[in-house]
Amino acid sequence: MSDTSQSPTLLLIGPLFPSLQQRIESTYKTHRLWETDDPKHFLATHAEDINGIVTSGIHGCTGDIIRALPHLRVIVSFGVGYDAIDVATARDRNVLISNTPGVLDDCVADTAFALLIDVARSISASDRFVRSGRWLKEKFPLGRKLAGKTCGIVGLGNIGKAIAKRVTAFDMKVAYYGRHQQQDVPYRYEPDLKTLASQADFLVLAVPGGSATHHLIDADILQALGKDGYLINIARGSVVDEAALVDALQRGVIAGAGLDVFAHEPHVPQPLLEMDNVVLTPHLGSGTHETRQAMADLAFENLTLYFTNGQLKTPV
Ligand code: 8YV
């Protein structure tokens, strides 16, 4: 049984979506960890009071923080990915975790498709071309047609399925890789990632981050994707061996990339900044007013439910 009798005192790891933070701070007793000068000392001082943590996919929560709080019962996270939360330590100590699945699938899939069409047709590069006045002197290079091409989706979860729906509407073929073949999906399963990469014109990553997918995309997979292939990543930077990706792009091993996530955000490797065949976005996958509000509402609902009856609406 969860002990929800203690009056809730929450630790916020980092700044949250403003309306969510405001709602939480006006409802619960809270502490802002990111504003403390000495977090370790702060945690030791407040260890007895804190029974909940609110964080995000980006801020996460370390095992050290979890271990420092003996009465911690719940971690509510804003975001679907929870690879930055030390889930094993939380489970060991019977700390429940919630995330915000479902509500962001459309926007993240839109971002993946936007990157895909952008790299294929050089939309961002052509915008730079027009603005810099080069159109007055030169012709813009031709792009790549989408219809008839194969989109290989790595990870056919809810976001992967939403991506499949979008690329299908553009008359692309879809094949997917994952640990298991799924019943009731109209897409071809490819059990070998390297084979999928060799067949794909666009390889789109939609797997969760974490140790199971760390550097899933390495030099070998990029070689298989080949000189006419594009890599799209809206998953996590950790899924790609970023040094191998930079090298593959520099040597023309692959044609280009559309990247929303990076190994060390907000830092992007310098060589990528200089490549016209690479589209870079600042981890904006779920970043619309509507979706961020829906994520905030779901996170708050999890918090309320937990401190009312010990349940979570969307437990991890
Ligand atoms: C971020 C995301 O979490 O949901 C995820 O896993 O990567 C994003 O939606 C969001 O930016 C919150 O910080």
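Only lysine pairs 8 or more places apart, or on different chains, with alpha-carbon atoms under 30 angstrom apart are counted in the chain, and they number 27. Put simply, when 158-164, 76-82, 275-281, 236-242 are sorted by average Cβ atoms within 10 angstrom per residue, most first, you get 76-82, 158-164, 236-242, 275-281. Per the Cα gyration tensor, the chain maps to an equivalent ellipsoid with semi-axes of 40, 21, 18 Å, ordered largest to smallest.
Have a look at the DSSP beta bridges in segment 105-280 and tell me what percent are antiparallel, nearest 5.
5 percent
Need the C-alpha centroid separation for segment 295-313 versus segment 155-230, integer Å. Computed from Cα coordinates, the inter-centre distance equals 33 Å.
Sequence-distant contacts, meaning Cα pairs under 8 Å at least 6 residues apart, place the relative contact order of the chain at 17 percent.
Taking 0.36 nm per residue of sequence separation and removing the Cα-Cα distance, the ASP297/HIS267 pair yields an extension gain of 7.8 nm.
Rule-based calculations on the coordinates, nothing more; no lab input. Nothing here was measured: the structure is a model prediction, and the numbers come from that model. Glycine also receives a Cβ, built like all others from the backbone with ideal geometry; neighbour counts cover every protein chain displayed.
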